[in-house]
Amino acid sequence: MYVPADFNESRPPVLHALMSAHPLATLVAVTADGIVANHIPLLLEAGGEHGALRGHIARANPLWKQLADGAEVLAVFHGPEHYISPRWYPSKREHGQVVPTWNYAVVHARGALTWHHDEAWLRQLLEALTNRHESRFAEPWQVSDAPPEYLRKMLGAIVGFDIQLRQLTGKWKASQNRSAADVQGVIAGLAALDDPPARAMQALVEGRRREIP
């Protein structure tokens, strides 16, 4: 991934926060059949220098047969993103030398993948994933709510994996390369839209603005 210096983000807590907040990752791998991509919710856990990821795929998915243990994979986590109109820049009125762009925050996580078929390992993963995402509800669903025979059937239909991460690369493109006036214009333009994606990007731009001396 091309990362200009203005947009580089390398702080592990910041990268981990985005990965946890946006867990549906694009898992990219190179197989004998070419480059393949799957969209999988991943669980970030402590382990090693950069952490570890766990997830699962359908047993019907050929990926577990295409990749051997230890294969290098790339998980791409997508954070807030939004179109940025040149109409929002005060510099448009000054000289007109502005163009549209797109702001976004992403994390590329690389590491070695290991497959898991053990039922106990898979059940522990499903419980961890479920507890993580059901925690927001007043009456969270639990894996144990499913009938035992049905659950056993479901566990037999998936293959688990973990990824020991060796590299994290973050790119936070949030108008840091624009003048202070243009950044304020972007913030105002996003605020005027008043929708969830715009508000999320507004918060990202404001946060980056505060970090610039």
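Overview of results
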| item | result |
| --- | --- |
| Inter-site label distance for Thr31 and Arg152 at 7 Å from Cα along Cβ, in nm | 3.0 |
| Added length on full extension, which subtracts the Cα-Cα distance from 0.36 nm per residue, Gln167 to Ser91 | 23.6 nm |
| In sequence order, calculated HN-Hα J values of the range 119-125 (Karplus, 6.51, -1.76, 1.60; Hz; x Gly/Pro) | 4, 5, 5, 5, 5, 4, 5 |
| Where labels lie 7 Å past Cα in the beta-carbon direction, separation of Met1 and Arg136 in nm | 2.2 |
| Cα-projected label distance for Ala120 with His22, points at 7 Å along beta-carbon direction, nm | 3.8 |
| Spatially proximal aspartates and glutamates relative to Lys173 (Cα-Cα < 19 Å; intrachain offsets below 8 disregarded) | Asp6, Glu9, Glu81, Asp182, Glu206, Glu211 |
| Vicinal HN-Hα couplings computed from phi for the range 99-112 (Karplus, 6.51 cos²θ - 1.76 cosθ + 1.60; Hz; Gly/Pro x) | 9, x, 8, 9, 9, 6, 10, 9, 10, 9, 10, 10, x, 9 |
| Length added when fully stretched, Trp102-Glu127, from 0.36 nm per residue minus Cα-Cα | 5.3 nm |
| Additional length obtainable on full extension of the chain from Arg59 to Ala181, 0.36 nm per residue less Cα span | 38.6 nm |
| Ellipticity estimate at 222 nm from DSSP helix runs (n ≥ 4, -39,500 (n - 2.57)) divided over the chain, nearest 500 | -10500 deg cm²/dmol |
| Amide proton proximity set for Thr101, modelled H, under 5 Å, gap of 5+ | Ile84 |
| Semi-axis lengths, Å, the range 5-204, gyration tensor of Cα atoms, sqrt of 5 times eigenvalues | 39, 20, 14 |
| Using a Förster distance of 22 Å, the FRET efficiency for Ser10-Tyr83 (Cβ separation, nearest 0.05) | 0.25 |
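We did not get these values from a lab; they are worked out from the coordinates using the rules stated. Quick caveat, the model's predicted, so the values are computed rather than measured. Here the Cβ is made from the backbone with ideal geometry for all residues, glycine too, and neighbour counts use every protein chain on show.
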